[in-house]
1. Can you give the Kirkwood hydrodynamic radius for region 228-286, in Å, rounded to one decimal and based on Cα pairs?
2. Of Phe188, Ala199, Met139, which is farthest along the charge dipole of region 122-207 in the positive direction, counting Lys and Arg as +1 and Asp and Glu as -1 at C-beta?
3. Per residue, what accessible area does region 142-191 have, given a 1.4 Å probe and all protein chains present, in Å²?
4. On a 1.4 Å probe surface of the protein chains, which of Ile144, Ile152, Ile56 comes out largest in accessible area, and what is the full order?
5. Which Rg and Dmax, in Å, describe the Cα atoms of region 32-107?
6. Taking amide H positions as placed 1.01 Å from N in the peptide plane, with prolines and chain starts having none, which residues 5 or more places from Val265, or on another chain, fall under 5 Å of its amide H?
7. Take the solvent-accessible surface of the protein heavy atoms, probe 1.4 Å, and return the percent of it on region 65-199 that carbon and sulfur atoms account for.
8. Just to confirm, what accessible area per residue do you get for region 210-250 at 1.4 Å probe, in whole Å²?
Amino acid sequence: MTLLSAVRKPATGRRTGDSGRSASATARRRGRPRLPFDAWHLLLAPLALLFAAPLIWLVLSSVMSNAEINRFPPALWPAEIDPGGYRFVLSNAMFPRWFANSLIVSAVAVASNLVLGTLGGYAFARMRFGGSRVLMGLMLATMIIPFQLTMIPTFLVMKELGLIDTLGALIVPSLVTPFSVFLLRQFFLSLPRELEEAAWIDGCSRLGVLLRIVLPLSRPALATVAVLTFLSTWNDLSWPLIAIHHEPQYTLQLGLTTFQGQHNVQWSAVMAGNVITVLPVLIAFLAAQKTFIRSITSTGLKG
């Protein structure tokens with residue numbers, strides 16, 4: 001018994017020492033001031049302010065006078081609030097029409113991309129037919145073709161259809177994009193087939209499976225497609241500049257260019273118009289932010 005006691009005593013001493021060190025470490029941790037936020041925010045907050053600086057300056061300059069905006073060095077803060085730019089924009093009789101045109105084109109493009117992109121993406125993800133991989137490769141290849149190469153053929157097609165100088169010329173080329181089909185295909189591939197097979201066993205058709213099983217699970221991907229389509233269509237200037245010739249058919253982006261005259265530019269009106277233009281984009285992104293991030297993290301490169 002004496003030998004066993006002698007052997008056990010050092011071990012007990014080590015355990016006592018370890019517990020003492022852990023207790024002191026715990027005490028030090030308890031004594032250390034804890035931040036009310038993650039330490040990474042100390043780095044991310046300045047970066048966020050850096051990226052938000054142009055937007056902040058846009059809002060501030062929209063309430064400056066033209067003299068302040070044109071001053072060198074430029075003013076960083078308005079001496080007094082001058083809503084003249086907003087009055088100039090809102091008093092323009094065509095501005096509501098331009099806003100409505102942009103809203104119509106963007107809404108139709110979003111709806112058509114959701115419908116046609118869903119059908120095309122599901123077909124490529126779940127249906128096997130001859131040449132499906134070749135068609136998918138050709139469709140993805142069109143994503144690397146710059147707009148400058150397709151601009152003239154698209155214009156000639158729209159001219160043959162009689163859509164030039166109408167909103168149809170802006171809507172038809174945006175009815176469905178390869179990116180929408182590809183993104184939805186990738187999301188559909190990540191869904192388990194067992195859910196669809198169970199619905200087939202219960203007698204559900206393929207279209208019923210898509211509407212009742214697949215689409216409710218695809219809200220993050222659908223929200224991502226909607227936001228990205230809205231952003232690209234709402235902010236497009238190059239194609240409306242080519243296809244639209246008369247002011248009643250202008251979109252908001254194209255209409256803002258009329259505030260920049262040959263010799264005199266109403267910078268306060270341009271800034272105010274840009275603030276109004278950016279607001280729907282910010283609202284759309286903030287409304288779908290969570291589902292947008294969830295889709296990016298859950299949509300892999302499977303298949």
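The values are calculated or read from the model by the stated rules, or taken from the named source; none is laboratory data. Just so we're clear, the structure is a prediction, and the values are computed from it rather than from any experiment. All Cβ positions, even for glycine, are placed from backbone atoms using ideal geometry, and neighbour counts span all protein chains on display. We work out accessible area using only protein heavy atoms, side chains counted, and drop any ligands, DNA or RNA first. Shrake-Rupley method; radii C 1.70, N 1.55, O 1.52, S 1.80 Å.
1. Across region 228-286, the inverse of the average 1/r is 12.5 Å.
2. Met139
3. Each residue of region 142-191 exposes 54 Å² on average to a 1.4 Å probe.
4. Per-residue accessible area, sorted high to low, gives Ile144, Ile152, Ile56.
5. Both quantities, over Cα of region 32-107: 19.2, 63 Å.
6. Those qualifying (amide H under 5 Å, at least 5 residues apart or on another chain) number zero.
7. 72 percent
8. Per residue, region 210-250 has an accessible area of 47 Å².
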